[in-house]
Structure formats: C-alpha cells, structure tokens
Amino acid sequence: MANQTYGWGRKGETWQFIGALEALGGESWFRLGDLDLALHVRRRELLAAGAGLAEATRQIADAFGIPNTIWPMSDDPVRTVVHTVEDGELPFQHYFVRERCAPAVSGFEFRGLEQARPNPEFLQALTDCAGVIICPSNPFVSVDPILNLPGVRAALAQCSAPIVAVSPIVSGLAIKGPAAKMMSELGVPNTAAAVAAHYDGLISGFVLDAEDVDLATSVAVPTLATPSVMRTIDDKRALASAVLDFVKQLAN
C-alpha cells in the first residue's frame, strides 16, 4: 500500500480534501491525502471512544492485515518541539513539513515525556526478546524520545539479548531526512561513528554501510559493514537478514 515513488504516503493517494480546504482559504501546507485522512479519522474515533493508542493501533493494523504486533512507546501524549536559532521554538510538524527543515537547530524538547508511562507490553518485549534493533532513524528526534521515556533505559539495561543500532548516516549524508544537517548544526560530526557514540553504553553492536567500513575501528562495539541503502524491497530484505544474522552472531 506504500507509495514507492515518494517513499511516504499511500499508493493511489488523492488530494481532494486538502485541495478543497486550500480553495476555502485554509492551511494546506501539511499535505495529508484523502486515504491518510481516513486513517486519522478512524484513529481519532477509537481514541474518543476510550481506546488507548496501543489498542487503536492494534485495530488499525488488523484492518490492514498486518500480522506483526506494533506497540507505540506510550499511550500518553509526548510532543516534539524543535529549538531553532532563527525562529525559536517550533512544533516538529512546522519545522519538518512547513519549514522543510530549513531553520538551524539548537536542541530538542519532548514535552510530556517525564510524565508519560511506557506501554507495559513494549517494556516486557525489551526484557524478553532475542534481540533489540534500533532502526536507521534520526537518533535525535525519532529514537531519543523512546530511549528517554521513563523506564526504557532501565529495561534495556536488564536485557540480556544483543542491542544493535543501524546507522542512518552513509558517507556523511542522511539517506532520508535532516539527521546529518542536525548533527552539523549541533556541532556533532555527521558520521556513522558519531551515531554509534550517541548510543554509547547502550548498544552491543553497530551496523554501518559498506562505504563507511573504514570507520569501524572508531566504534567501541563490534560492527557489521554491509550495504544499507534500501532502494528496493530486495534491498530491505537483504539488510534485515544481515542485521538478524549479526544479532544471532553477537548472542553466541
């Protein structure tokens, strides 16, 4: 169902709602398509009826025929605020979509994080699994909110299985999104080794792209250098297989 052309959104998406809203003088910078909007309306219905986010996610996944279990980190709201040099505080959607990540960043805030409670099934999964894989997402705004949720680092510290992170940086560039730009603006080297250092004390293995194999000696944990740029379904399967094999190797 995914749009393989854009890498985001739904295949066969239409834009009549947002087009009509724009014609009426409404804000249209957040380009949610009609199919996406239907999903959001359904989730809102479930939440308004008393379901938590985990239960709403389960019902939506079932409707899509997804057999895998998906746990949000928490049923409680946590909002990402980007602190920028030029424009002060920006809600993440404004920074990422409306401003297209143009403002220089000086830091990030996750409002509600200290009061949020982790999903119990999510915590249990961290302590009862064969391995934990931190996917190649932005370490600052995608992964850190999860890692800094109360109880998560403690659960990972008790996890006896390998914890492996996959670098989102290849040859100094982010394959997708503003991670490399953010690193430069925060004074962090935009390298795979710097991503590994960001997870220092947490991970037991690190996956970097084959192009960055020379950085392996700069990483404090065992590494796997393998092609990690996912352009096709076969690329995704190959990377997943390589990472799982690496997890098994570390477990032995």
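Take every DSSP beta bridge whose two residues both sit in the chain, then give the antiparallel share in percent to the nearest 5. Walk me through the numbers before you get to the answer.
Details: 14 of 24 bridges.
Taking every DSSP beta bridge within the chain, about 60 percent pair in antiparallel fashion.
Non-local amide H neighbours of Ser74 (under 5 Å, H modeled in plane, Pro and chain starts lacking H): which ones?
Asn119
At a threshold of 8 angstrom on Cα-Cα distance, excluding pairs fewer than six apart, so keeping six or more, what relative contact order does region 165-212 reach in percent? List each step's numbers first, then the result.
Numbers: 55 pairs, mean separation 23.1, N = 48.
48 percent.
Any chance you could get the radius of gyration and Dmax over the Cα atoms of region 150-240, in Å?
13.7, 37
Just the number, please: carbon plus sulfur as a percent of the accessible area of the chain, 1.4 Å probe, no ligands or DNA/RNA counted. Intermediate results must be reported in sequence, preceding the final value.
Numbers: 7820 of 14330 Å².
Within the chain, the accessible surface is 55 percent carbon and sulfur.
Number of Lys-Lys pairs in the chain under 20 Å by Cα, sequence gap 8 or more or different chains? Working shown, then result.
On the way: Lys11/Lys176; Lys11/Lys236; Lys176/Lys236; Lys236/Lys248.
Total qualifying Lys-Lys pairs in the chain comes to 4.
Want the number for Asp214 to Ala240: 0.36 nm per residue separation, take away the alpha-carbon distance, what's left?
In short, 7.2 nm is gained.
Pick out, in residue order, every one of the GluC sites (Glu not before Pro) in region 46-120 that is DSSP loop and has at most 15 other C-beta atoms within 10 Å; say none if there are none.
Those satisfying the criteria are Glu86, Glu114.
Read phi for every residue in region 178-194 and hand back ³J(HN,Hα) as whole Hz from Karplus 6.51 cos²θ - 1.76 cosθ + 1.60, θ = phi - 60°, with x for Gly and Pro.
Ordered by residue, 3J(HN,Hα) equals x, 4, 5, 4, 4, 4, 4, 5, 8, x, 9, x, 8, 10, 4, 4, 5 Hz.
Mean-square fluctuation check for the chain, GNM, Cα pairs under 10 Å: which of Val78, Val221, Val97 is largest?
Highest fluctuation among the options: Val97.
What list of ³J(HN,Hα) values in whole Hz, one per residue of region 20-26 in order, does the Karplus curve 6.51 cos²θ - 1.76 cosθ + 1.60 (θ = phi - 60°) give from phi, with Gly and Pro shown as x?
Result, rounded to whole Hz: 5, 4, 5, 5, 8, x, x.
Rounded to the nearest 10 Å², what accessible area does Val85 show when all protein chains are kept and the probe is 1.4 Å?
Around 100 Å² of this residue is reachable by solvent.
Once phi is turned into θ = phi - 60°, what whole-Hz ³J(HN,Hα) does the Karplus curve with 6.51, -1.76 and 1.60 give for every residue of region 125-138, x standing for Gly and Pro?
Karplus-based 3J(HN,Hα) across region 125-138 equals 4, 5, 9, 9, 8, 8, x, 10, 10, 8, 5, x, 9, 4 Hz.
Please report the antiparallel percentage of the DSSP beta bridges confined to region 108-252, to the nearest 5. Could the numbers behind the result be given before it?
Working: 2 of 12 bridges.
Looking only at bridges with both residues in region 108-252, the antiparallel portion is about 15 percent.
How high is the relative contact order of region 154-252, given as a whole-number percent (alpha carbon pairs under 8 Å, six or more residues apart)? Could the numbers behind the result be given before it?
On the way: 135 pairs, mean separation 25.9, N = 99.
It comes to 26 percent, rounded to a whole number.
Looking at region 62-175, I'd like the Rg to Rh ratio, where Rg is from alpha-carbon atoms and Rh is Kirkwood's inverse mean 1/r.
In region 62-175, Rg relative to Rh is 1.00.
Given contacts defined as C-alpha pairs under 8 Å and at least six residues apart, what's the relative contact order of the chain, whole-number percent? Intermediate values should be presented prior to the final figure.
Details: 362 pairs, mean separation 27.5, N = 252.
After rounding, I find 11 percent.
Angle, helix 233-251 long axis vs. longest principal axis of the chain, Cα atoms, 0 to 90°, nearest 10?
Around 40 degrees separate the two axes.
Exactly which trypsin sites (Lys or Arg not before Pro) in region 189-252 are in a DSSP loop and have at most 16 other Cβ atoms within 10 Å? Write down the numbers at each step before the final one.
Details: sites: Arg231, Lys236, Arg237, Lys248; in loops: Arg231.
Answer by residue number: Arg231.
Taking only the Cα atoms of region 1-130, how large is their convex hull per residue, in Å³?
Working: hull volume 23.0 nm³, N = 130.
It comes to 177 Å³ per residue, whole-number rounded.
Regarding the chain, what are the three Cα extents along the principal axes, ordered largest first, in Å?
Principal extents (Cα only, largest first): 58, 39, 39 Å.
Using amide H atoms built 1.01 Å from N in the peptide plane, name the residues 5+ places from Val170, or on other chains, whose amide H lies under 5 Å from its own.
Ile175
What FRET efficiency comes out for the pair Glu89/Lys181, r = Cβ-Cβ distance, R0 = 22 Å, nearest 0.05?
That gives a FRET efficiency of 0.75.
Anyone know which of Asp234, Asp209, Asp75 comes out most mobile in the 10 Å Cα GNM of the chain?
Result: Asp234 has the largest fluctuation of those listed.
The values are calculated or read from the model by the stated rules, or taken from the named source; none is laboratory data. Computed from a predicted model, the values in this text were never measured in an experiment. Using ideal geometry, Cβ is built from the backbone for each residue, glycine included, and neighbour counts are taken over all protein chains shown. The protein model used for the area step is the full one, side chains on, heavy atoms only, and it has no ligands, DNA or RNA in it. Shrake-Rupley method; radii C 1.70, N 1.55, O 1.52, S 1.80 Å.
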